[in-house]
Amino acid sequence: MLENAVYIPWIAALGAVLCGALCLTPSMKKLAGPICVLSILAGFGLTVGSFLNPTFENDQQQQVQAPWKTHGTYALDDVAIDPHSHEVIHADDYKHPAVVIQPQPWMHVGGTAVYEEVIDKKSGHPVLGRDGQPLEQIVGYEGGLQINYGYYFDGLTMIMLLVITGIGSLIAIYAVGYMKGDPGVARFFAAMALFIFAMTTLVMADNLVLLFLGWEGVGLCSYLLIGYYYGKDSAVAAAKKAFIVNRIGDFGFLIGIFLCYQHFGSTDFSVIFNHELVTTKGAALPLGVMAIPFCLMVGAFGKSAQIPLFVWLPDAMAGPTPVSALVHAATMVTAGVYLVARMMPVFDVVHLQATISPLTVVAVVGGVTALFAGTIALCSNDLKGVFAYSTVSQLGYMFLGLGALSTHGAVFHLVTHAFFKALLFLTAGSVMHALAGTLDIRTMGGLGRKMPVTKWLMFAGCIALAGVPFTAGFYSKDVIIAAAWTQGIYGDGGTLYIVLGLLALITALLTAFYTFRLWFIVFTGETKYEMGDEHHSEDDHGHDDHHAHEPHEMPWWPMNLPLIPLAIGSAVAGVLLYEYHVIEGLIKASSAYTDAAYSETITMIMKIVSGFLAVAGIALAGVFYYKTSDRAEKAAELLKGPVGILRGKYFIDEFYDRVIVRPLFITGQVAYLIDQLVIHATIMSFGWAPRLLGKTVQPTQAGKLHGYGLGMIAGVTAVALLLLFLL
Amino acid sequence: MLDVLQPAGLQLAALSQLALSHFLMTAAILFTLGLVGFVTRKNLIVMFLCTEMMFQGVVITLVAFAMFHNNVTGQTFVIFVLTVAAAEAALALGLVVLMFRRRRTLDANAWAAMQG
């Protein structure tokens, strides 16, 4: 079954091509949505199939069970399979169980070619060339950089694939309803399907270069989808901002790939993870290897919107809401988390050696970002803006988990976050859809009466995000917070990790507060709303014209129904995944697993504390915002200074504008002037000379027959005279 | 070449004995007439006939040299040239007819597509 998983990206790619072709046929645009949904659903089917039945055919034509599912459990047994020869070997010899499927030679740089005689298939004899010598062909290269187009499967890959295709199909179904009647619908779904292609390639890649291909692919799709409403200047600016900020991160990522090749001789994960520099713990490492995790980290921070490269994500909400849910909440922004988790063996080995551990840096950046973005979300009045900053904050949690050596906590939170944040964004999209594009929550109130289903769906997402006990967010967040505390108390983290654990607890309180602040403002109190100016095709929902001027509930199909699985997932996915150790087992059966200190007591205490904080945060939000009270304004009046700073989002955008954007802009202007006045003018003067000459001679070419005749005569005469008198 | 124009043996009494210079003079006159006609006349057919006249001027020189040098190469060449000229005349007149149909005039100035 696992062999079939390689088709997942290509089905999505086919869907993208078909949707792209539909852009040219306006009458068939409606088909784009179903095609996109089907291509992602097919991928989901294949993913579930390979997840439940991870067998594949090895070189000896035997059906072999993938190493992460031995004896029916999702945990690593003492058996592992060599990814290249596909032979079953002992786990002691092979640390990271994974299956590499179909490694086709893709690119090679340098190295010497290996020749082999061409054998005739029928006779079995070597084919002779014209000179009687056997013909030879290049079969491979030795040395140099070789990159395969191969797919790498282990527990981490399977988790990511399930999230991408599963949540992706639900969001795509919702998008069919959301984008109904939009003129660019085929373009939208082409980009969505292309995104799924790139994202699945990213998580299935068996080397860093193929991963980078997917990485850039999702970046491109993100750019295309943020700038989907290209008529709006803000959307275009946001798309460019996202692309450029990500390029800064990618620069670090590229350097990291180069260093990997320099020190490990390959970019294949199976080679890197089994390289003696990585497997020998505690040995001295070259400086270049020490730098690898730091370089990769920069790329991860760019993609996953962490300090200092987080500024693009809040602006990215300019895209259509399903895009915010899929690309900018559930999947693409978690690529950075995935990268760090995937390269965990390298992070881990450097962690043991370096004076400043890369994992500590990851933890600090994650913890600080979580709190930082959480505080901004407190005062944001933008419906999607709150969730955008909340996404930054939750991604911060994931990085804190990675930094606290709890890869499974980070990935667990990634999974549950994908459920509830997708749900929150989609319900926010429903509200926005109902109000024709209004995003300012200050103009909203009591919408629960108009949209009861959306109200309770968003409630399910909110309790999960807030971390109310026994919801999904509660379990995953708790694993991370407990890991940070455990690392501080029992591990080698020290006081720093205890501080980070405290930050994470404060953030948990803030999360509960801002989530329910939003929910109370939008859905409770007096009914009030202002309609925006975006025109959706109301007729498609079966509404009369006079109904179009007030908010209405979304239709069940295709909009509210796909949210039900997300709501159920937000509620119960956490307890199921936690109690049955699904994520833990899968992570243990992958390269991402790390040995970390674990303490039952601390986990219990953190559960109680974070559960209490979540409830306290909700209660606090209720005091200020339930049924519209004026307490919030009074409190804001009292804390004018801090609230001003938070409303201004710490003025980070302004700071970057002053320090980076404007100086660059001025330099650009100066360079432009120099270019125009010096270089352009000089080059143009060379052009002027022949032009002047042409202008003078042009009248002689009148195009008249007599003129040509005279010219010829004059020429002949001149030659004749020359011959007579000079020679 | 100047003494070709004023040869020492050019006398009225010797008209029966044609010298090379006579032929060459005739050829030069024909050629010049054609040349002047070509640049002064506007009618396409006349211009074409003028070029034919220039042709004949050249042909006469070739024949004359062939006769006076006892070398038949020149005469052979003339036959060849006449054949080509005949073919070319047919082609050129055909073109002139086509051009007339396009513009309803034979004025050469009506055609100036190559103006720079």
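The values are calculated or read from the model by the stated rules, or taken from the named source; none is laboratory data. Predicted model, so just to flag it, every value in this text is computed and none were measured. Because the Cβ atoms are built from the backbone with ideal geometry, glycine has one as well, and the counts that use them run over all protein chains shown.
Quick look at the numbers
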quantity: Options A:Ile683, A:Ile660, A:Ile679: the member that is more than 14 Å from chain B (Cβ to nearest Cβ) and within 36 Å of the chain's Cα centre (by Cα); calculated: A:Ile660
quantity: Flag if A:Gly668 is under 35 Å from the mean Cα position of the chain (by Cα) and either more than 13 Å from every other protein chain (Cβ to nearest Cβ) or of a type in the set (Phe, Trp, Tyr) (or both); calculated: yes
quantity: Region A:169-185 residues that are under 13 Å from A:Thr321 (Cβ atoms), paired with ones that are among the small types (Gly, Ala, Ser) and part of a loop (DSSP other than H, G, I, E, B) (beta carbon under 9 Å, 6 or more apart); calculated: A:Asp182/A:Ser537
quantity: Subset of region A:141-197 (residues that are within 22 Å of the chain's Cα centre (by Cα) and among the charged types (D, E, K, R)); calculated: A:Asp154, A:Arg187
quantity: Residue satisfying all of: in region A:119-141; charged (D, E, K, R) and surrounded by 10 or more Cβ atoms within 10 Å (Cβ to Cβ); farthest from A:His408 (Cα to Cα) among these; calculated: A:Asp120
quantity: Selected residue (criterion: nearest to A:Ala66 (Cα to Cα)) from residues of region A:109-155 that are among the β-branched types (Val, Ile, Thr) and in a strand (DSSP E or B); calculated: A:Ile147
quantity: Filtered residues of region A:187-242 (kept if farther than 21 Å from A:Leu18 by Cα, assigned to a helix (DSSP H, G or I) and hydroxyl-bearing (Ser, Thr, Tyr)); calculated: A:Ser234
quantity: Conditions (1) aromatic (Phe, Trp, Tyr); (2) within 60 Å of the chain's Cα centre (by Cα); (3) within 10 Å of chain B (Cβ to nearest Cβ); number of the one not met by A:Tyr708; calculated: (2)
quantity: Enumerated helices (runs of 4 or more DSSP H) restricted to region A:284-381, each holding at least 1 residues that are closer than 30 Å to A:Val643 by Cα; calculated: A:287-303, A:312-315, A:321-325, A:358-379
quantity: Residue among A:Thr486, A:Thr416, A:Thr427, A:Thr454 that is touching a Leu at 6+ places or on another chain (Cβ under 6 Å) and assigned to a helix (DSSP H, G or I); calculated: A:Thr427
quantity: Condition check for A:Val522: under 23 Å from A:Gly177 (Cα atoms), at pLDDT 90 or above and not hydroxyl-bearing (Ser, Thr, Tyr); calculated: yes
quantity: Residue check for B:Thr32: outside any helix (DSSP H, G or I), out of contact with any strand residue (DSSP E or B) (no Cβ under 6 Å at 6 or more places or on another chain) and at pLDDT 90 or above; calculated: no
quantity: Where a residue in region B:92-116 is away from chain A (no Cβ under 13 Å) and its partner, wherever it lies, is surrounded by 12 or more Cβ atoms within 10 Å (Cβ to Cβ), with Cβ under 6 Å and at least six apart; calculated: B:Phe100/B:Leu106; B:Arg103/B:Ala110
quantity: Residue count for region A:376-416, restricted to those that are surrounded by fewer than 24 Cβ atoms within 10 Å (Cβ to Cβ) and under 16 Å from the mean Cα position of the chain (by Cα); calculated: 0
